[in-house]
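The values are calculated or read from the model by the stated rules, or taken from the named source; none is laboratory data. All of these numbers come straight from a predicted model, not from anything done at the bench. Neighbour counts are summed over all protein chains in view; Cβ atoms, including those assigned to glycine, are modelled from backbone coordinates with ideal geometry. Keep in mind that these areas ignore ligands, DNA and RNA; they rest on the heavy atoms of the full protein, side chains included. Shrake-Rupley method; radii C 1.70, N 1.55, O 1.52, S 1.80 Å.
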There are 2 protein chains.
Amino acid sequence: MKITRMHGAGGKLMQELIEKVILGNLELTSVEGGVGLRELDDGGTVPLGDREIIFTIDGHTVKPIFFPGGDIGKLAVCGAVNDIAVMGGEPVALSLSLIIPEGFPIDKLDRIMKSINETSKEAGVPIITGDTKVSNVDDIVITTAGIGITERGKVIRDSGMKERDVIIVSGNIGEHGMTILLARENFDFKSNLKSDVAPLNKLIKKVLDSGVEVHAMKDPTRGGLASALNEMVEKSGLGINIYEEKIPISEEVQSLSEALGIDPLTVANEGKVVMAVKKEDGEKALEVLRSHPLGRNAQIIGEVVSDHKMVVMETLVGRRIIDTPMGDPIPRVC
Amino acid sequence: MKITRMHGAGGKLMQELIEKVILGNLELTSVEGGVGLRELDDGGTVPLGDREIIFTIDGHTVKPIFFPGGDIGKLAVCGAVNDIAVMGGEPVALSLSLIIPEGFPIDKLDRIMKSINETSKEAGVPIITGDTKVSNVDDIVITTAGIGITERGKVIRDSGMKERDVIIVSGNIGEHGMTILLARENFDFKSNLKSDVAPLNKLIKKVLDSGVEVHAMKDPTRGGLASALNEMVEKSGLGINIYEEKIPISEEVQSLSEALGIDPLTVANEGKVVMAVKKEDGEKALEVLRSHPLGRNAQIIGEVVSDHKMVVMETLVGRRIIDTPMGDPIPRVC
Ligand SMILES: Nc1ncnc2c1ncn2[C@@H]1O[C@H](COP(=O)(O)OP(=O)(O)OP(=O)(O)O)[C@@H](O)[C@H]1O
Ligand SMILES: Nc1ncnc2c1ncn2[C@@H]1O[C@H](COP(=O)(O)OP(=O)(O)OP(=O)(O)O)[C@@H](O)[C@H]1O
Ligand SMILES: [Mg+2]
Ligand SMILES: [Mg+2]
Ligand SMILES: [Mg+2]
Ligand SMILES: [Mg+2]
Ligand SMILES: [Mg+2]
Ligand SMILES: [Mg+2]
């Protein structure tokens, strides 16, 4: 058995690989009282006195490394910041590991570092340590780990949604993945599409500070909204009903999805959050989100139910089960 | 200007690159009161109440990925554990990022994960979060970040050595780098050489718990003992005198170094620690180190002086300045 592209795509094949080869081999996977690897949340936690340290890591390889709306540096900072923020933590420090291919132009590295700096300032999170290696990689690989802090016991888990909660998405879906796909495949589309990559910590803090009860939260990255909602369902034992017409999506992503035969629900986002919020707080959450530029297209897209344990979408032509994708969305036209 | 191998080799070229392109671009590089990126220590720190969180990251690419004495998985765990331990912290959690090439055999991944598990158990440190990507890399890349804890203000800095301190090395030098070189180049040497890769947290804890005053500490990885000692010199503004005959080195590494024309002081170690210890505590530190299997060849190799700001080695034929290497040691015979 060999590793295929699909094993790294945030879908079922990746989940299986992680469960079998990673969880299946590791015996020490948590710190007492903290969120461990087996929870498969956006990060793990280490309780310390009356606080809880949130710890996360993401490796970033993207082709092309510069794309409309961002670059691998911005992506790497946002990846760590957002996984901490969706666990309810305030990111306090990042670490930055670079694996650079021989012959990589130093001025490209400089551009990437400038972008990392801008994003670190936008998020307000310093980079306090790092590592640099030169090796045989096709293009630069950036791995960022992050630590965040929250009050002990205040970590927001994937598993936390409750019956009747509303499901909120902070804005238009599919923009990162679709931008990358277009940039990579050199399709003959004229497009103004840009990646949504953005640090979400300030947006999310605003929601949490408003007193809204957020029961579960994820950043719908690889695997898109479809993967994120399914994880919330599997981990909570409850179901989710969503409404197609409520899902925020730009006309551009919509028509590209149709043209390419891709389900936009399975396309990656890098600047969106999906949350399960106490029903009574739903409108308030929406209002707070919409008052921030990164949340202006936020929508309540559905609710949590207990009569099934799936993600079900109501469309104009009937109900459809939204499954976790196997791997990357593959354009039907290629 | 382009990136060359030497930019990733732990020597002067890497230092220059980091200072210019990384430090030169980043504006947020520390958390108030903590050790920041500008200190260029083994990691950074985040003060939290009466504790200090130590944070570190290392990317690991090694060819071959399985080598005598270890493999990339063991290396990745030890890399993070040791950078925390040499800052005086107790490692409490690791994160594990994998970048896997397409076509990589899953049974190799399984072997690596088993080795990661064994090392995590040996060190007593859990892996609480991770990430898996599939991308165009020549071979698997493993990046580990780690967090450790110590009492606030108890962080042991590279810069901390004091006049009259003794310099101690925990065992034979050069074994990791030399093993990799032999495995890679397919030299025609018969050799029993093995990498020294090992988690040092328990050894170091033993020393610290014994009450010995350790003023500065580093793991002499890339760039070897020569880089580590020079960093301690540059950061403290003091000098170090060492004695060639005191430096612990196996006959095998010694004769290979001579044959290949490589200075063993510049060769990487992955299971050694170098410390500056209060003179009066030197013998005790040595005793504690030697009572642990990973420290049985520990030696006092020199002392800290204030009459120069270099690393100077006394040899049978006179004194020699030990400089920071430019980059990787290159065998003269290739
Ligand atoms: N190599 C690995 N070692 C340990 N745990 C892993 C590894 N790869 C993934 N995991 C765990 O699997 C879960 C899912 O990982 P995933 O990377 O999909 O989460 P994410 O970071 O939120 O998503 P994305 O990487 O798309 O941003 C997480 O709990 C993560 O800690
Ligand atoms: N890409 C980077 N971004 C930020 N800081 C970096 C980066 N690369 C290196 N550094 C910093 O430079 C210093 C030296 O790094 P280096 O990797 O040599 O330390 P180390 O991890 O102790 O050694 P090794 O990697 O050989 O184990 C550290 O303080 C590290 O935080
Ligand atoms: Mg996530
Ligand atoms: Mg992530
Ligand atoms: Mg390093
Ligand atoms: Mg180090
Ligand atoms: Mg290191
Ligand atoms: Mg991830």
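Just report the Cα centroid separation between the stretch B:267-334 and the stretch A:243-301, whole Å.
58 Å
Can you give the mean number of other chain Cβ atoms that lie within 10 Å of the Cβ atoms in peptide A:17-27?
Mean inter-chain Cβ contacts per residue within 10 Å come to 6.
Scale the Cα Rg of chain A by the rule-of-thumb value 2.2 N^0.38 Å and send over the ratio, two decimals.
Taking N as the residue count of chain A, the ratio is 0.95.
Interface size between chain B and chain A, please: total buried accessible area, 1.4 Å probe, rounded to the nearest 100 Å².
6900 Å²
Whole number in Å², please: accessible area per residue of the stretch B:215-299, 1.4 Å probe, ligands, DNA and RNA not counted.
36 Å²
Take peptide A:103-114, look around each residue's Cβ out to 10 angstrom, count Cβ atoms belonging to other protein chains, and average those counts.
Shielding by partners across A:103-114 averages 4.
Grab the Cα-Cα distance for residue B:290 and residue B:243, subtract it from 0.36 nm times how many residues apart they are, and report the gain in nm with one decimal.
So the chain would gain 15.0 nm between residue B:290 and residue B:243.
Under the Kirkwood approximation applied to all pairs of distinct alpha-carbon atoms, what is the hydrodynamic radius of the stretch A:109-187 in Å?
In the stretch A:109-187 this quantity evaluates to 17.4 Å.
Pick from B:171, B:146, B:261: which residue has the top mean-square fluctuation in a GNM of chain B where Cα pairs under 10 Å get a spring?
Checking each option, the largest mean-square fluctuation is seen for B:261.
Please give the calculated 222 nm ellipticity per residue for chain B, where each DSSP H segment of at least 4 residues contributes -39500 (n - 2.57) and the sum is spread over every residue; nearest 500 deg cm²/dmol?
-8000 deg cm²/dmol
Which of the residues in the stretch B:31-79 show a loss of at least 30 Å² in accessible area from their chain by itself to the complete set of protein chains, at a probe of 1.4 Å?
Residues shielded by partner chains are B:31, B:37, B:46, B:48, B:51, B:53, B:55, B:57, B:59, B:61.
State the percentage of accessible surface on the stretch B:166-321 attributable to carbon and sulfur atoms; use a 1.4 Å probe and exclude ligands, DNA and RNA.
Looking at the stretch B:166-321 in its full context, I get 47 percent from C and S.
Normalise the Cα radius of gyration of the stretch A:51-100 by 2.2 N^0.38 Å (N = residues in it) and let me know the number.
1.25
Carbon and sulfur: what percent of the stretch B:43-151's accessible surface (1.4 Å probe)?
43 percent
What FRET efficiency do you get for residue B:213 and residue A:63 if R0 is 35 Å and r is their Cβ-Cβ distance, rounded to the nearest 0.05?
In this case the efficiency is close to 0.10.
What list of whole percents do you get for P(r) of the stretch B:262-328, with Cα-Cα distances grouped in 10 Å bins up to the one holding the largest distance?
Spelled out per bin, shortest first, that is 16, 41, 37, 7.
Do any of A:74/B:309; A:190/B:133; B:74/B:279 go past 32 Å between their Cα atoms, and which?
A:74/B:309; B:74/B:279
What are the principal axis extents of the Cα atoms in the stretch A:153-241, in Å, biggest first?
Cα spread of the stretch A:153-241 along its principal axes, largest to smallest: 48, 28, 20 Å.
Residue by residue through the stretch A:155-162, what is 3J(HN,Hα) from phi via Karplus (6.51 cos²θ - 1.76 cosθ + 1.60, θ = phi - 60°)? Round to whole Hz and write x for glycine and proline.
4, 9, 9, 4, 7, x, 5, 10
Can you check what the net charge comes to around residue B:324, using other residues whose Cβ is under 10 Å from the Cβ of residue B:324 (Lys, Arg +1; Asp, Glu -1)?
Summing Lys and Arg as +1 and Asp and Glu as -1 gives -2.
How high is the FRET efficiency from residue B:316 to residue A:4, r the C-beta distance, R0 41 Å, rounded to 0.05?
Result of the calculation: an efficiency of 0.10.
With the convex hull built on the Cα atoms of the stretch B:1-113, state its orientation-averaged projected area in nm².
Answer in nm², one decimal: 9.6.
For q = 0.08 Å⁻¹, what log10 I(q)/I(0) does the protein assembly as shown give under the Debye formula with an equal point scatterer on each alpha carbon and no solvent?
Log-scaled intensity ratios, in q order: -0.58.
Return the distance in nm (one decimal) between the two label points of a simple spin-label model at residue A:102 and residue A:152, each offset 7 Å from Cα along Cα→Cβ.
A separation of 5.2 nm, rounded to one decimal place.
Expressed in whole Å with the largest first, what are the equivalent ellipsoid semi-axes of the stretch A:73-157 derived from the C-alpha gyration tensor as the square root of 5 times each eigenvalue?
Equivalent ellipsoid semi-axes, largest first: 28, 13, 9 Å.
Work through the residues other than residue A:117 whose Cβ is under 13 Å from its Cβ and net out their charges, Lys, Arg +1 and Asp, Glu -1.
-1
Over the stretch B:166-321, what per residue volume does the convex hull of the Cα atoms give, in whole Å³?
That works out to 107 Å³ per residue.
Residues of A:7-13, mean number of Cβ from any other protein chain within 10 Å of their own Cβ, rounded to a whole number?
Average neighbour count from other chains, rounded to a whole number: 3.
Could you let me know the centre-to-centre spacing of the stretch B:163-189 and the stretch B:95-121, using Cα atoms, in angstrom?
Each part reduced to its Cα centre gives a spacing of 25 Å.
State the percent of C-alpha pairs, over all pairs in the stretch B:8-62, separated by a distance greater than 16 angstrom.
So the portion of pairs separated by more than 16 Å is 52 percent.
With the Cα gyration tensor of the stretch B:108-258 in hand, give its eigenvalues times 5 under a square root as the equivalent ellipsoid semi-axes, listed largest first in whole angstrom.
29, 25, 15
Label points 7 Å out from Cα along the Cβ direction at residue B:323 and residue A:19: separation in nm?
Taking the simple label geometry, residue B:323 and residue A:19 are separated by 5.8 nm.
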